1. How many residues does region 179-200 contain that are within 8 Å of the ligand (Cβ to nearest atom) and not in a helix (DSSP H, G or I)?
2. Can you find a residue that is closer than 21 Å to T46 by Cα, charged (D, E, K, R) and touching a residue at least 40 places away in the same chain (Cβ under 8 Å) anywhere in region 109-117?
3. Hey, among S100, S130, S94, S146, which residue is more than 17 Å from the chain's Cα centre (by Cα), within 11 Å of the ligand (Cβ to nearest atom) and small (G, A, S)?
4. Hey, could you check region 219-228 for residues that are buried (at least 18 other Cβ atoms within 10 Å of the Cβ) and not hydroxyl-bearing (S, T, Y) and say which is nearest to the ligand (Cβ to nearest atom)?
5. Does L198 fit the bill of being touching a helix residue (DSSP H, G or I) at 6+ places or on another chain (Cβ under 8 Å) and either closer than 29 Å to R72 by Cβ or touching a residue at least 40 places away in the same chain (Cβ under 8 Å) (or both)?
6. Restricting the search to region 264-293, which residues are farther than 14 Å from P316 by Cα, among the polar types (S, T, N, Q) and open to solvent by less than 20 Å² (accessible area, probe 1.4 Å)?
7. Could you count how many residues in region 124-157 are under 30 Å from H348 (Cα atoms), in a helix (DSSP H, G or I) and open to solvent by 10 Å² or more (accessible area, probe 1.4 Å)?
8. Does G25 satisfy the condition of being open to solvent by 40 Å² or more (accessible area, probe 1.4 Å) and either touching an Asp or Glu at 6+ places or on another chain (Cβ under 9 Å) or at pLDDT below 95 (or both)?
Amino acid sequence: MTSSASAGPATEPALTVPPFAVIPGAQVQRALEGRQSQIVELVESTYRLHSAGDSVNPPSYFLRFPDRPASRIIALPASIGGSIRVDGLKWVSSFPENVSAGIPRASAVLILNDHDTGYPFACLECSIISATRTAAMAASAADWLSRGRPRPGRVGFFGVGLIARYIHTFLASTGWSFGEIGVHDLSADSAAGFRGYLERSGATGRITWYEHPEQLIRSSDLVIFATVAGEPHISDLSWFGHNPLVLHVSLRDLTPEILLASTNIVDDVEHCLKASTSPHLAEQLTGSRDFLAGTLDDVMAGRVRIPGDRPTVFSPFGLGVLDLAVGKYVYDEVTRSGDLHVIGDFFHELRRYG
Ligand SMILES: NC(=O)c1ccc[n+]([C@@H]2O[C@H](COP(=O)([O-])OP(=O)(O)OC[C@H]3O[C@@H](n4cnc5c(N)ncnc54)[C@H](O)[C@@H]3O)[C@@H](O)[C@H]2O)c1
C-alpha cells in the first residue's frame, strides 16, 4: 500500500499510514458489472476461509429506535485472512418506509481497515456491495443445493424489491434459465416494477403474477423469499408438498413448523440462531439445534448431502466477511483502473508530539 506518512524509525520495518479513498456507487457498480461468476467464486472461497477459521466475524449489532420500530441500523464488523487480508465494518440501515417515498429501503457504507496499522483506508458505497454479495450467495446456494437432482425450471419470487432483482440477475448470469417465473408481492407497484425489470432484462419464460402466496409456492421448484416481514406469515406445510428448494433470504417468513419438516442449511450457525429469525424461533421451540443439517460450506465440502424427500430451506444470515471480500475486490479493481479518489491529508495529526 502506498504511504502518505511514515510513522516508525528508519531502522524498523516501515509501517505507513495508507491514503484514504472514497469509492462512490457508480465506481462500485462499474467494478462489479459483468463479474457475477467471479463474485460467486469469491463468495464461495470466503465461506471456505470462514469455515476454516481464517476470519473473525462477531455478532452483528442492531441499533433500533423506540420512535421508529420498523427501522434499524446494523453494524457488521469483520476480519478476513487469506489473500484478502483486510478488516472492516459494514454499517447498513434498513428504513422500510423509504420505499413509499420512492427511495431504496437500505443504504450502507463499508469501511476497510489496513491489516497492519488498523488505519481505515477506504469508505465505499455499500448498498450495491451488500445486494451483490447477497445475490451471489443465493446463486451459489441455488447451485449447490440443487446438485444431484433436476435443476429447478420454475422459480417463484416472494417479495420483489431490490434484492429480488439482484438475485434474478445473478441467477441469469450464472447459467440459470427458467420456463416459468412466478411473482408474489403485497405491493402492486413492486410487482409491476419487477415485471418491467424482467422484461428489460430479456428474461425468457412465462411471467405469472400470483395473488395468493399458496399459488406461488405450489407452482415453484425454487422459491426465493425477499420480503421485509418481521415475523412468520407462511405456516401451511402442505404448500411445500412438492419439496421445493427455498432460499429464505429474508429469514423471518416461515414458521418453525415448516423448518422442522425441511432440510435446513445456513451460512453460519451462531449468526443464524439470533435476532428472531425463523431458525432462531425453531431453536426456541425445540430447545435444540438438531433441525439444522449444516452450513453451505458443509454442502460444498461434501460433508452434508441434501435428500430429495422433503423441502430444502437455505437461511443465510449474511456475513460481514462477504461484504469485506467483495469490498476489497472493488477497491482493488478501482485502484487498478487508476481512478481511485484519494482524499489527501485525511489523517492529519500524525506526529505524537506535534
Ligand atoms: N440474508 C441476507 O444476507 C440479506 C441481505 C440483504 C437483504 N436481506 C433481506 O432481503 C429483504 C428484501 O430486501 P429489499 O432491499 O429487496 O427490500 P425492498 O423493501 O426493496 O423489497 C421488499 C419487498 O417485499 C414486499 N413484501 C413485504 N412483506 C411482504 C409479504 N409479507 N408478502 C409479500 N411481499 C412482501 C414489499 O412490498 C417489497 O416489494 C429484506 O428483508 C432484507 O433484510 C437479507
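1. 4
2. Among the residues of region 109-117, at least one is closer than 21 Å to T46 by Cα, charged (D, E, K, R) and touching a residue at least 40 places away in the same chain (Cβ under 8 Å), which makes the answer yes.
3. Step by step, each of S100, S130, S94, S146 is checked, and only S100 is more than 17 Å from the chain's Cα centre (by Cα), within 11 Å of the ligand (Cβ to nearest atom) and small (G, A, S).
4. Across region 219-228, the extreme among qualifying residues is A226.
5. Criteria not met by L198.
6. Hits for region 264-293: nothing passes.
7. 1
8. no
The values are calculated or read from the model by the stated rules, or taken from the named source; none is laboratory data. Treat the numbers as computed from the prediction; the structure is a model and nothing was measured. Heads up, the Cβs are rebuilt from the backbone with ideal geometry, glycines too, and the neighbour counts pull from every protein chain shown. These accessible areas exclude ligands, DNA and RNA; they are computed on the full protein's heavy atoms, side chains included. Shrake-Rupley method; radii C 1.70, N 1.55, O 1.52, S 1.80 Å.
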